[in-house]
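To start, the structure itself, in structure tokens.
The values are calculated or read from the model by the stated rules, or taken from the named source; none is laboratory data. Since this is a predicted model, take the numbers as computed values, not measurements. Quick reminder, even Gly has a Cβ in these numbers, built from the backbone with ideal geometry, and neighbours come from all protein chains shown. All accessible areas refer to the heavy atoms of the entire protein, side chains included, with ligands and DNA or RNA removed. Shrake-Rupley method; radii C 1.70, N 1.55, O 1.52, S 1.80 Å.
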Amino acid sequence: MALAPKRLPSVLQVVVSLGLFLLLAFSFTAKLDLPIQLALYIGWFIIITLGIRLGHKYQDLEKAALNGISNGLGAVLILLAVGALVGTWISGGIVPTIIYYGLKAIHPSIFLLATMIICSLTALATGTSWGAAGTAGIAMMGIGQGLGVPSAITAGAVLSGCYFGDKMSPLSDSVILASTMSNVEVVKHIRGMLPIATISYIITAIMFTLFGFHYSGQVDMSQVQGVMHAMEDQFYITPYSFVPVVIVLGLLALRMPSFPVISFGSLLGIVWAVMIQDVDFLQAFRTAWAPFSIHSGVEFIDSILNRGGMSSMLGSVAVIVFGLGFGGLLDKVGVLETVAKLFEHRVQSAGSLSVSTIATAFLGNVFGSAMYVSLILTPKICAKNYDRLGYERQNLSRNAEFGGTLTSGMVPWSDNGIYMASILGVATLSYAPYMWLSFVCIIITIVCSYMGWFVNPCQPVTTDSKQATQSSDDDSVLASENTPA
């Protein structure tokens, strides 16, 4: 018996399907204390059922899910490598040394500002927010705890810096992906983001500076000194421990592949543990898999350093795998395309274009569970509106980047949300309110678009020529530009 012709889902079908998924996601995590992995697992079958009703074969839907997973396996590899890096860098005394000198050098009143600046420079140089968060971010989290700054606020400053530096770096995979999918040169794409991103960065820097003054008078410096002495008792603190950091960041800045570079960094951590910290080789090697274990008697040290290892990332790996497959199913069934069509007849200006693009990109993170899903689908869905209304694709790439990348860390079940929560040790929904750069940047983008500032009009395109060109470009980048930055 022949299957019915494939068709796009109706608005009602989309609302019911996605509503069920969101109900599962929030009830599992907020009410029932069940893992989000189960919600994503069940979500597969919700979308598969919808797809079959729309005329798709089960085999095609399963293949779409597997393709979604395969396109994002680079994120899984990096996640496991970073887990090994964190474990070996702690056992090698690298992370403790950075925290020690940070407590010694950074005054509490400027700590949040310094955190944002250091993380933004790291991400700018390396082109990866993940690498910046996994190195400078971890160190700043430890320094912040030592100074008594709430972890959620420190994480917000870390991510504000990491995502700004990532967006301004021509080395960033997400920058390359967003520009390529929008058919815009990378340099032109960055130039289009620069004015709004710079204004947002300055405003956010002022906010973190003012907020930092609130904690400067509450820090017990004698307690900070106690933490530093405890660090000296547990580890051999030496400036030589900065060498692996310089090597890893330097290799990333030279545009070397993230997975082997971070893996090499974990090897350096083992060498440092054996040679400098006098740790048994097998014990040091084991920290690449299992979390480092320390019982110093100081709560702060134990809480920040009893972590790391690949095994600590396995739950996050499951979330990313299920999330990537879920995103592949949504793309195949056409759920986000139906959602985008709801905006189409309301999009008649630069302002409404920005709102619809940012909203579509955010939904790509929420329902696609991966930043790369958002950055691939958003330009494909929204490009025709920019051509129809006569606005350059540079505006499209900027809005897709801001909506897709800057919100990716806010979604608890997305690849970025899972990664950042795992690395920084703070729940996604706890640090999300403090990702001030993301909020400021999106607000300013929308306001400027409605005011006609920083928009680039062009001659309206009434043919399908650009769309045909874009379609041919899409296939060429799917396999090569999908590693999260």
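The residues of segment 6-27 that are at pLDDT below 80 and open to solvent by less than 70 Å² (accessible area, probe 1.4 Å) amount to a single one, ALA25. With respect to (1) assigned to a helix (DSSP H, G or I); (2) under 21 Å from PRO412 (Cα atoms); (3) free of Cβ contacts under 8 Å to residues at least 12 places away in the same chain, the lone exception for ASP33 is condition (1).
The condition (being open to solvent by 20 Å² or more (accessible area, probe 1.4 Å), at pLDDT below 85 and in the same structural domain as THR209 (by the TED database)) is satisfied by just one residue among ILE78, ILE98: ILE98. All of (1) at pLDDT below 90; (2) surrounded by 15 or more Cβ atoms within 10 Å (Cβ to Cβ); (3) closer than 28 Å to ALA123 by Cβ hold for LEU268 with one exception: (1). Number of residues in segment 394-420 that are assigned to a helix (DSSP H, G or I), surrounded by fewer than 24 Cβ atoms within 10 Å (Cβ to Cβ) and either modelled with pLDDT under 90 or more than 12 Å from the chain's Cα centre (by Cα) (or both) equals 1. Here TYR100 meets each of (1) farther than 30 Å from ASP233 by Cα; (2) touching an Asp or Glu at 6+ places or on another chain (Cβ under 9 Å) with one exception, condition (1). For segment 312-361, the candidate set comprises residues that are under 16 Å from GLY43 (Cβ atoms) and of a type in the set (Phe, Trp, Tyr); within that set, the residue that is most open to solvent (accessible area, probe 1.4 Å) is PHE322.
Filtering segment 244-270 to residues that are among the hydrophobic types (A, V, I, L, M, F, W, C) and without any contact (Cβ under 8 Å) to a residue 12 or more places away in the chain leaves VAL246, LEU254, MET256. Listed conditions (1) surrounded by fewer than 23 Cβ atoms within 10 Å (Cβ to Cβ); (2) under 13 Å from the mean Cα position of the chain (by Cα) are all met by ARG388, apart from (2). Condition first: free of Cβ contacts under 8 Å to residues at least 12 places away in the same chain and not in a loop (DSSP other than H, G, I, E, B). Now tell me which residues in segment 276-285 satisfy that. Once the filter is applied, which keeps residues that are free of Cβ contacts under 8 Å to residues at least 12 places away in the same chain and not in a loop (DSSP other than H, G, I, E, B), segment 276-285 yields PHE281, LEU282. Count of segment 441-454 residues, restricted to those that are crowded, with 21+ Cβ neighbours inside 10 Å and not hydroxyl-bearing (Ser, Thr, Tyr), is 2. In this entry, TYR240 passes the filter for residues that are outside any loop (DSSP other than H, G, I, E, B) and surrounded by fewer than 24 Cβ atoms within 10 Å (Cβ to Cβ).
The criterion of being more than 23 Å from the chain's Cα centre (by Cα) and not aromatic (Phe, Trp, Tyr) does not hold for ILE117.
So, LEU267, is that one in contact with a Ser or Thr (Cβ under 9 Å, 6 or more places away or on another chain), hydrophobic (A, V, I, L, M, F, W, C), under 27 Å from SER172 (Cα atoms) and outside the structural domain of ILE176 (by the TED database) or not? No: the conditions fail for LEU267.
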